[in-house]
Structures are given as C-alpha cells and as structure tokens.
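Okay, structure first, notes after.
Read-outs throughout are calculated quantities, based only on the coordinates presented, and are distinct from any laboratory measurement. Remember, predicted model here, so these are calculated numbers, not experimental data. Here Cβ is always computed from backbone atoms with ideal geometry, including for glycine, and neighbour counts include all displayed protein chains.
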Amino acid sequence: MAGQRLTDKTALEQQTGSGDLFMVVDVNDTTGSSAGTSKKIDSKYVIQTDKFSLNNTEVQALHTTPKTLIGALSGYMITPMAVTILCTYASSTESSSNNLNLGFEDNDTFYWKQVRDIMNSKTTDITYCLAASPGTSGACETSILNKPFICWANAAFNGGWTCDIYVTYAYTKIL
C-alpha cells in the first residue's frame with residue numbers, strides 16, 4: 001500500500017519462495033534521492049530454497065530424464081549451498097545399487113555430489129543432507145556459467161520410493 005512504512009507491513013514468517021521480492025536501497029543510484037533509490041530484488045538473487053517432489057515414475061526415469069532443479073540464467077552461475085533429500089519408501093525394495101548424482105551436466109564423472117546406492121536395501125524412509133563441497137573430480141568439466149543444476153541417476157532404479165529434494169542456492173552474476 002502506498003504511503004505505508006515498511007515497518008508497518010505484515011511479517012513473512014516463513015522462508016521466501018520463487019518470485020518473492022525484497023525491497024532494497026541502491027546507494028550507488030542517486031536518481032531517486034541523494035541517499036539512494038528504492039528498488040526490488042528477486043529472492044533468487046539472495047538465497048533461496050526450492051522443493052521438488054519426484055514420484056516413483058520420475059525417480060525410475062532419472063537415468064534417461066534428468067530433473068532440472070535450478071534453471072540456468074544467462075550471465076549467472078548457480079551456487080548450490082545445500083541439498084536435502086527426503087526419501088520415502090513405498091514398496092518393492094530398491095536393489096539396483098545405483099547412484100543419484102547432482103551437478104551441472106549429466107556426467108557420471110563430474111558431479112557436485114553423489115549419493116551412492118541411494119535407497120539400496122532400505123525398507124524405511126531416509127534423509128540425505130548434502131553440503132556445499134564438490135565431488136573429488138570437481139563439479140563440472142566445463143564452465144558452470146549459464147548451466148542449470150540437475151539431478152540424474154547413473155542407471156535405472158528398480159524400487160518403489162519417492163523423494164522430496166530441497167535445494168538451497170543463490171544465483172551469482174559473472175562480471
């Protein structure tokens with residue numbers, strides 16, 4: 001509402017979501033006033049957490065149909081900070097011993113993180129918490145500029161399970 005002070009507005013009491021906006025004062029732009037100009041900034045340029053739910057059909061297809069978790073932006077790289085995967089067992093125990101990979105291209109050698117034998121022989125729900133450190137061979141064989149952040153499997157899964165993937169990240173402009 002025009003004329004209402006920011007401190008008088010209702011508080012957002014949960015994390016920001018895709019498309020949420022912050023108000024900032026750009027002190028380097030004095031076109032609005034000598035103290036700076038009020039501008040908006042999308043939350044994805046600060047830090048954001050997005051949730052992706054994969055049903056069993058999507059999980060089993062990850063080896064042929066990688067899932068884009070964070071879309072690419074021209075002129076930006078994605079800085080993943082953490083990924084939490086909540087796996088829910090349904091039926092039919094996973095026996096494939098296959099891996100879930102996270103990274104910038106569908107490449108089983110270069111990945112940001114890998115969960116080896118994900119859900120293999122598990123008959124209960126399990127949570128994987130992954131921190132921001134790339135795999136031993138690096139996160140990507142080429143530049144990560146303008147690339148999405150994806151998840152994929154090295155081969156087909158065969159069990160009955162689903163997962164929710166929470167990705168915490170920021171877009172970083174490459175100057």
One finds, for residue 156 and residue 84 with R0 = 35 angstrom and r their Cβ-Cβ distance, a FRET efficiency to the nearest 0.05 of 0.90
So which lysines can residue 67 reach, going by Cα to Cα under 26 Å and dropping same-chain residues fewer than 8 places off?
44, 51, 113, 122, 147, 173
For the chain, what is the relative contact order in percent, using Cα pairs closer than 8 Å and at least 6 residues apart in sequence?
33
For residue 125 and residue 92, compute 0.36 nm times the residue count separating them, minus their Cα-Cα distance, and round to one decimal in nm.
10.6 nm
Can you say what percent of the DSSP beta bridges in the stretch 9-159, counting only those with both residues inside, are antiparallel? Round to 5.
95
In nm, give the distance between the simple-model label positions of residue 31 and residue 57, each being 7 Å from the Cα along the Cα-to-Cβ direction.
4.9
What's the extension gain from residue 132 to residue 116 if we count 0.36 nm per residue and subtract their Cα-Cα distance?
4.1 nm
Label 7 Å along Cα→Cβ of residue 24; the stretch 140-175 residues with amide nitrogen under 17 Å?
169-175
Using only the alpha carbons of the stretch 50-175, determine the length spanned along each of the three principal axes and report them from longest to shortest in whole angstroms.
49, 25, 23
